[in-house]
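To start, the structure under review is shown below, and the notes come after it.
The values are calculated or read from the model by the stated rules, or taken from the named source; none is laboratory data. Here the structure is a predicted model, which means the values were calculated and not measured. Here the Cβ is made from the backbone with ideal geometry for all residues, glycine too, and neighbour counts use every protein chain on show.
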Amino acid sequence: MIRMMMSAAFLAASAAVALAADPVEGIWQTEVDDGAYALVTIAPCDANFCGVISRTFRADGEYKSENIGKNIVIGMAAKGGGKYEGQIWRPSNNKIYIGKMDVSGDRIRLRGCVAGGLLCSSQIWVKVQ
């Protein structure tokens with residue numbers, strides 16, 4: 001009987017861990033870039049994480065950008081310790097960069113890099129949900 005109870009407790013604990021969301025999952029607000037910002041929904045895609053532009057805003061409010069529904073965070077692989085590596089798409093110039101993300105609480109430091117990662121530009125995104 002004790003063995004059965006221990007097995008049930010182990011299975012319940014295992015299921016809870018499996019269902020726990022990765023800290024990068026959720027809806028994140030980008031910084032303003034070229035006069036607009038977006039809400040990006042980051043979720044699992046295959047074995048990695050991708051971020052899709054879900055809403056877009058300018059100073060005068062929400063608008064329907066042609067970029068809604070497009071991947072801005074592409075194939076980010078978890079590297080441990082809140083670090084991720086993959087690719088970043090910048091809508092304003094339609095270029096894809098080497099991407100790196102560091103998640104810390106409700107903030108992501110996102111970097112798009114060139115020259116093998118030597119030159120990077122970064123943004124801080126804030127988790128809204």
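Contact map, region 19-47: residues that are part of a loop (DSSP other than H, G, I, E, B) paired with residues that are buried (at least 16 other Cβ atoms within 10 Å of the Cβ) and hydroxyl-bearing (Ser, Thr, Tyr), Cβ distance under 7 Å, separation 6+ or inter-chain. Pairs shown: 24/84; 30/37; 31/37.
Exactly one residue among 43, 47, 36 is of a type in the set (Gly, Ala, Ser), at pLDDT below 95 and within 18 Å of residue 126 (Cβ to Cβ), and that residue is 36.
Quick one: which residue in 112, 75, 86 is closer than 16 Å to residue 31 by Cβ and either crowded, with 16+ Cβ neighbours inside 10 Å or within 12 Å of the chain's Cα centre (by Cα) (or both)?
Every option except 112 fails the conditions.
Could you please find all residues in region 111-129 being touching a residue at least 60 places away in the same chain (Cβ under 8 Å), part of a strand (DSSP E or B) and out of contact with any Leu (no Cβ under 8 Å at 6 or more places or on another chain)? Residues satisfying the conditions are 126, 127. The residues of region 48-60 that are touching a residue at least 24 places away in the same chain (Cβ under 8 Å), part of a strand (DSSP E or B) and over 17 Å from residue 100 (Cα atoms), listed by number, are 53, 54.
Counting only residues that are surrounded by fewer than 19 Cβ atoms within 10 Å (Cβ to Cβ), closer than 18 Å to residue 78 by Cα and among the hydrophobic types (A, V, I, L, M, F, W, C), region 95-109 holds 1 of them.
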